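Derivation of every value follows stated rules applied to the coordinates shown; laboratory data play no part. Since this is a predicted model, take the numbers as computed values, not measurements. Reconstructed Cβ throughout: ideal geometry from the backbone, glycine too, with neighbour counts over all protein chains shown.
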Amino acid sequence: MNCLIVEDEPLAATILEDYIRQVPWLRFAGRCSDAVQAFEALQQEPMDVLFLDIHLPGQKGLDFLQSLAHRPQTILTTAYQDYAVEGFNLGVIDYLLKPIDFERFLKAIHKLRRPEADSRNNPNARTFHFFNVNKKMVRVWLDEVVFVESLKEYVRLHLTDGRAVVTKGQISEMEILLGLWRIHRSFLISLAHVEAYSSSEITAGNRTLPIGGQYKDQTLEKLAQFSAGHSD
């Protein structure tokens, strides 16, 4: 998803750019310091997501957003809470208060409407992420992740070739970062790699995983939808 940052504070823009680059399904497409530059950027390339500062020089962020005939999904960024209601009246996705931390950023982008992409049939849709493993950055193709296991302050990514990658992080972060499905407080799975399931467990990568009670209804519903969408 193409992302445009409209922000006149260089440090805030740099932080947002860094966050965007850490999410495999987001693409940093540019940054602008005012509404005029942003309008020109939108004419040159279609944008899926707009990270928009409310207090811009010249035309204010909300006035700029209101002037657009076709609005990208928009996440507002500001140091003030005063314009939250007005922003949501314009259909914004979320409202981030500065300074923005990464966990809050992940929660915001989780609300975005993501286009469906089948990486198995479209090689160009394949995405990867580098994970810090023993002080070395290791590339992991996301369509090769079968399931993720929580290890308190770390997570273990189980891959299709039998390897397991252990890196520091919370499973809630991996849920958003990798776009996997939460079936238990300690497990995420890739629906594409589910081999079998019942009302209490799922088999993926030759491993049987429990379905947590609080995730049961939504998991079974999601699996039924996934199965129906891929049946002949």
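Scanning the stretch 1-55 for residues that are part of a helix (DSSP H, G or I), touching a strand residue (DSSP E or B) at 6+ places or on another chain (Cβ under 6 Å) and among the hydrophobic types (A, V, I, L, M, F, W, C) yields ALA13, LEU16, ILE20, ALA38, ALA41. Taking first residues from the stretch 170-190 that are more than 24 Å from ASP101 (Cα to Cα) and partners that are of a type in the set (Ser, Thr, Tyr), the Cβ contacts under 6 Å between residues at least 6 apart in sequence or on separate chains come to ILE183/TYR215; ILE183/THR219. Here LYS222 meets each of (1) outside any strand (DSSP E or B); (2) over 24 Å from ALA108 (Cβ atoms); (3) in contact (Cβ under 8 Å) with a residue 24 or more places away in the chain with one exception, condition (2). Filtering ARG156, ARG207, ARG182 for residues that are more than 25 Å from LEU106 (Cβ to Cβ) and surrounded by 12 or more Cβ atoms within 10 Å (Cβ to Cβ) leaves a single hit, ARG207. Return a yes/no flag: does the stretch 19-37 have any residue that is surrounded by 20 or more Cβ atoms within 10 Å (Cβ to Cβ) and touching a Gly at 6+ places or on another chain (Cβ under 8 Å). For the stretch 19-37, residues surrounded by 20 or more Cβ atoms within 10 Å (Cβ to Cβ) and touching a Gly at 6+ places or on another chain (Cβ under 8 Å): present.
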